[in-house]
Amino acid sequence: MSLKRFFSAVMPQWFKNYYHLAQAVFACVTFGFPGKRLRIIGVTGTNGKTTTTQFIARILTESGKKVAMASTINFQIGEKSWVNDSKFTTMSPWKLQKFLHDAVNERCEYAVIETSSHALDQNRVWGIPYEIAVMTNVTREHLDYHKTMEQYREAKCRLFRRAKERVVNLDMEDPMFYCGTNSKTVTYSTKNPQAALLASDITLDFKGTEFVVDGAHFHLNIPGLFNIENALAALGVARILDIDSGVAQKALASVMGVPGRMELVPNPMNADILIDYAVTPDAFEKLYASILPLKIPGSQIIHVFGACGERDRGKRPQLGEIASSYADIIILTNEDPFYEDPEQIIDDIEKGVTKKKDKNYFRIFDRRAAIHKALSLAEIGDIVLVTGKGAEVTMALGDVRIPWSERQVIEEELEKLSQ
């Protein structure tokens with residue numbers, strides 16, 4: 001164990017939080033509190049943060065604004081964009097304040113920041129004057145850190161206490177906890193008529209999604225009912241900022257896909273191969289809710305997944321149980337074990353798997369081999385889900401980061417099969 005890892009393990013979290021706070025204060029002072037010169041939108045939630053952040057940034061850009069964006073998968077300042085290879089949703093205080101400082105220097109007007117519960121709890125976003133807070137949902141995740149759902153919700157709520165205005169999903173559990181009483185709140189839903197933004201006339205397809213809000217027709221090039229929720233969250237921001245619905249329509253239709261989020265991989269097999277970041281029980285449920293209506297009778301769903309090491313262990317058997325309920329074939333594999341025993345991670349997931357081993361359940365440690373197996377089993381019309389990595393570019397094994405591209409591996413294995 002490295003010295004840094006040892007001290008991190010023995011140091012109490014409250015002490016580390018004061019350390020992060022001190023860093024945030026010094027970073028804000030060093031860079032001159034750049035957030036004060038930007039209109040900042042924070043997006044939080046268990047699932048959907050990244051796609052919602054991309055949607056908001058695209059709407060703002062389409063409306064003629066110069067935008068900075070920081071998300072789990074990428075960064076953007078004006079016309080410049082680059083990959084986030086850190087595996088962190090929200091940067092350290094120094095990197096975040098420098099990012100905002102660079103955005104100000106590039107004359108950006110807005111910054112859209114994907115904001116994690118860890119960053120909020122650890123004071124990493126101290127000194128950032130959020131104008132709008134967006135909530136996608138709160139479901140089980142990160143209980144290795146927050147310990148209870150109550151503490152997890154409370155960490156998320158810190159963003160909403162400091163924001164002037166709010167956008168909240170009425171379809172989530174206890175949405176009023178985030179709506180507040182002293183600020184303007186725009187609510188959204190796919191089923192609750194009390195919402196300010198209600199999606200109706202919904203049409204789902206692997207190639208895209210259609211829905212109507214207040215008489216305006218919207219098209220998404222990304223499948224999934226949950227992506228309608230993400231789009232509604234972005235439309236909530238547009239409403240607060242008085243952005244014309246026509247601009248929002250054009251912006252959302254121009255998003256051809258978000259890497260690693262319900263990403264469809266073209267293939268000569270005429271199967272539907274989907275890459276998604278889904279890592280929580282709720283994300284699994286929503287993923288299956290989106291694809292099951294599109295499943296062709298007689299076809300199979302083949303699901304390849306694992307679980308991240310040193311994270312909420314209690315959710316692992318739940319993932320196995322959910323996949324067993326909906327998938328025809330399950331292939332458990334390695335993901336990002338970090339310092340945990342990767343075989344133990346698979347053992348934990350396996351506790352929830354009810355499929356018959358070596359018939360409709362396979363345990364293949366090597367992720368490339370697992371993907372190859374799934375593709376070799378797929379036939380015309382089948383759905384192959386590969387979840388957990390999304391658009392990440394590395395796999396974490398202890399201190400080592402191995403280059404990894406889910407899409408590239410799938411394409412390479414498809415090529416091998418075609419030969």
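The values are calculated or read from the model by the stated rules, or taken from the named source; none is laboratory data. Just so you know, these numbers come straight off a predicted model, no measurement behind them. Positions of Cβ are generated from backbone atoms using ideal geometry, with glycine treated the same way; all protein chains shown enter the neighbour counts. Areas reflect the complete protein model, heavy atoms only, side chains present, ligands, DNA and RNA absent. Shrake-Rupley method; radii C 1.70, N 1.55, O 1.52, S 1.80 Å.
Of the numbered criteria (1) buried (at least 22 other Cβ atoms within 10 Å of the Cβ); (2) touching an Asp or Glu at 6+ places or on another chain (Cβ under 6 Å); (3) without any contact (Cβ under 8 Å) to a residue 60 or more places away in the chain, the one I345 fails is (2). Being under 30 Å from I380 (Cβ atoms), of a type in the set (D, E) and open to solvent by 20 Å² or more (accessible area, probe 1.4 Å), is that true of even one residue in the stretch 332-340? No: the stretch 332-340 contains no residue that is under 30 Å from I380 (Cβ atoms), of a type in the set (D, E) and open to solvent by 20 Å² or more (accessible area, probe 1.4 Å). Of the helices (runs of 4 or more DSSP H) lying entirely inside the stretch 108-226, those containing at least 1 residues that are touching a His at 6+ places or on another chain (Cβ under 9 Å), at negative phi and open to solvent by 30 Å² or more (accessible area, probe 1.4 Å) span 117-121, 143-146, 149-162.
Yes/no matrix, rows are residues, columns are (1) outside any helix (DSSP H, G or I); (2) modelled with pLDDT of 95 or more; (3) within 26 Å of Y152 (Cα to Cα):
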position: M1; (1), (2), (3): yes, no, no
position: F6; (1), (2), (3): no, no, yes
position: K16; (1), (2), (3): no, no, yes
position: H20; (1), (2), (3): no, no, yes
position: V25; (1), (2), (3): no, yes, yes
position: K36; (1), (2), (3): no, yes, no
position: N47; (1), (2), (3): yes, no, yes
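In the stretch 298-318 there is at least one residue matching the filter, namely being touching a helix residue (DSSP H, G or I) at 6+ places or on another chain (Cβ under 8 Å), assigned to a loop (DSSP other than H, G, I, E, B), modelled with pLDDT of 95 or more and open to solvent by less than 10 Å² (accessible area, probe 1.4 Å).
Pairs meeting the criteria (first residue in the stretch 226-240 and without any contact (Cβ under 8 Å) to a residue 40 or more places away in the chain, second residue of a type in the set (S, T, N, Q) and open to solvent by 10 Å² or more (accessible area, probe 1.4 Å), beta carbons under 7 Å, at least 6 apart or on different chains) are I228/T190. State all residues of the stretch 73-107 that are of a type in the set (V, I, T) and either within 24 Å of A22 (Cα to Cα) or crowded, with 23+ Cβ neighbours inside 10 Å (or both); if no residue qualifies, say none. Within the stretch 73-107, T89, T90, V104 meet the criteria. Which number in (1) open to solvent by 30 Å² or more (accessible area, probe 1.4 Å); (2) over 21 Å from D171 (Cα atoms); (3) not charged (D, E, K, R) marks the one condition that V255 misses? Only one criterion is unmet by V255, namely (1).
Answer yes or no as to whether L385 is in a strand (DSSP E or B), surrounded by 21 or more Cβ atoms within 10 Å (Cβ to Cβ) and either touching a residue at least 12 places away in the same chain (Cβ under 8 Å) or not basic (K, R) (or both). So L385 passes the test.
Answer with yes or no whether S418 is modelled with pLDDT of 95 or more, of a type in the set (G, A, S) and open to solvent by 40 Å² or more (accessible area, probe 1.4 Å).
Against the criterion (modelled with pLDDT of 95 or more, of a type in the set (G, A, S) and open to solvent by 40 Å² or more (accessible area, probe 1.4 Å)), S418 does not qualify.
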